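Engineer: Sharing a structure below in structure tokens format, with a few things to ask.
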Amino acid sequence: MTTMKKQLLLVTFAACFDLCYAQAPSDIETVDLGLPSGTLWSSMNLGANSVTDYGSYFAWGETSIRESEYFNQESYPLYKVTQSSYIDADGFTVTETKKGYIKYVREPDASKYGYDGFFDNKYELESIDDAASVLWGDSWKLPTQTQWEELVTECTWQAVTLNGINGYKVIGKNSKYIFLPMGGYCYNSYSRNYRGEYACYWSSTLSYTSEEAYGFTKHEGQGGVGDTRWAGRLMRAVSKINQSPVEKEKCKKPIIQYENGKLTFSSETEGAQFVYSITDDDVHTATTADVVALGLTYIVKVYASKTGLDNSDVITATLCWIDTDPKTERIQNGVAQVRANAVLIQSNNGILNIDGINNGTDIAVYSSTGMMVSSVKASGTSTSIATNLRSGEIAIVKIGDKSVKVLMR
């Protein structure tokens, strides 16, 4: 009974390991190119971190990313070489070498390519030998020869450069596209032959000879060729299931407040930290014979951040001081002191929120061309003003006889 329990635990652990490991990166998504077969192509290569990243090189039927990317026949996992020795009747030591492929061998090729005459008549990769299925999960597969041919005949191919990487922009009839980097291939070396010139990708289909698999190759002309199975090529996956990137939860937008000479930030995301910048338009270095006007206006930008969550959107506010009485109260050491209100102005979706204005103060909002877009009287200490200004436009906010520029968000 004890032995059975141990075996059950081991089996459960192995299943959990496979399930947890076979998961596509969160930023991988399927692209629907409007193909007749309904095939959806992945947005980037296996092992890649972006659409322009080459990703990892694999031999055909290889499912793990190599530490050493030297590709030759001896390093191919589906190829076997053994030696055995015996002493013949005359006393000579005879060494026999057996070598050949141990999977995916057609019967007519058994004597030439199969290990010790092996054949299995399999010509499409099984899931356990499909790198896309093993690394990303069962919903992903390597494209068959037929699926590559469909991509050629049903799409428009353009040789392009994206972020300094040469590749092909493959455009479906629905105008959606994927980018295939020209990664070249690896053959008996560490170097990437014809990188930047040839787009070389594996299919899941064995070629007409058991030593080769169908490898899609694009250089000027279109088509695919059989390539030695142990050569290193890039891989692009396909799926029948529409898959979007897994979006992490975002931090809630921060709230900016000013009171008693202090800025405070808060967010509904518990434990969030705040990354902020404050710029002051009054910081200048110059020579002048004139009076220098000090508007005392600060631009405050802040976003909320927390480990495991995406950063929040950036919130921007304008902090300025509006004179309540332009007359000086007293002069000490040559410095005139005036009374002023701290005013905090924030914009969101065309609405201005203004805090710190005296009740009844006239507020008018103008576009950068001088056209008035809204006007109100302040009500209480917080006033909201709807404008027709879009994100990125400059609003001129006139509070009493003072004007402040605000970038709309």
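Engineer: Go through the range 38-54 and report how many residues are open to solvent by 20 Å² or more (accessible area, probe 1.4 Å), more than 12 Å from the chain's Cα centre (by Cα) and within 20 Å of residue 215 (Cα to Cα).
Structural biologist: 2
Engineer: Now a separate question. Looking at the range 371-382, which of its residues are in contact (Cβ under 8 Å) with a residue 12 or more places away in the chain, part of a loop (DSSP other than H, G, I, E, B) and not polar (S, T, N, Q)?
Structural biologist: We begin by selecting, within the range 371-382, every residue in contact (Cβ under 8 Å) with a residue 12 or more places away in the chain; these are 373-382.
Next, only the ones that are part of a loop (DSSP other than H, G, I, E, B) stay: 378-381.
Selection gives 378, 380.
Engineer: Shifting gears a bit: Quick test for you: out of 353, 349, pick the one residue that is surrounded by fewer than 18 Cβ atoms within 10 Å (Cβ to Cβ), in contact with a strand residue (DSSP E or B) (Cβ under 7 Å, 6 or more places away or on another chain) and at pLDDT 50 or above. So that I can check it myself, show each step before the final result.
Structural biologist: Working: 349 fails: in contact with a strand residue (DSSP E or B) (Cβ under 7 Å, 6 or more places away or on another chain).
Exactly one of 353, 349 is surrounded by fewer than 18 Cβ atoms within 10 Å (Cβ to Cβ), in contact with a strand residue (DSSP E or B) (Cβ under 7 Å, 6 or more places away or on another chain) and at pLDDT 50 or above, namely 353.
Engineer: Take the residues in the range 298-318 that are under 18 Å from residue 351 (Cβ atoms) and not β-branched (Val, Ile, Thr); name whichever of them is surrounded by the fewest Cβ atoms within 10 Å (Cβ to Cβ).
Structural biologist: 313
Engineer: Residue 247 versus (1) open to solvent by less than 90 Å² (accessible area, probe 1.4 Å); (2) at pLDDT below 80; (3) closer than 30 Å to residue 160 by Cβ: which is the lone unmet condition?
Structural biologist: For residue 247, the failing item is (1).
Engineer: Here are some residues: 29, 74, 96. Which one is in contact with a strand residue (DSSP E or B) (Cβ under 9 Å, 6 or more places away or on another chain), open to solvent by 30 Å² or more (accessible area, probe 1.4 Å) and without any contact (Cβ under 8 Å) to a residue 12 or more places away in the chain?
Structural biologist: On the way: 29 fails: without any contact (Cβ under 8 Å) to a residue 12 or more places away in the chain; 96 fails: without any contact (Cβ under 8 Å) to a residue 12 or more places away in the chain.
Only one candidate passes the filter, namely 74.
Engineer: Could I ask something else about it? When the range 55-70 is examined, which residues are found to be of a type in the set (Val, Ile, Thr) and open to solvent by 40 Å² or more (accessible area, probe 1.4 Å)?
Structural biologist: Step one: of the range 55-70, the residues of a type in the set (Val, Ile, Thr) are 63, 65.
Passing the criteria: only 65.
Engineer: Looking at this structure, is residue 74 part of a helix (DSSP H, G or I) and either at pLDDT 85 or above or in contact with a Lys or Arg (Cβ under 9 Å, 6 or more places away or on another chain) (or both)?
Structural biologist: Working: part of a helix (DSSP H, G or I): yes; either at pLDDT 85 or above or in contact with a Lys or Arg (Cβ under 9 Å, 6 or more places away or on another chain) (or both): yes.
Taking the combined requirement at face value, the residue satisfies it.
The values are calculated or read from the model by the stated rules, or taken from the named source; none is laboratory data. Because the structure is predicted, anything quoted here is derived from the model rather than measured. Here the Cβ is made from the backbone with ideal geometry for all residues, glycine too, and neighbour counts use every protein chain on show. Ligands, DNA and RNA are excluded from the accessible area calculation, which covers all protein heavy atoms including side chains. Shrake-Rupley method; radii C 1.70, N 1.55, O 1.52, S 1.80 Å.
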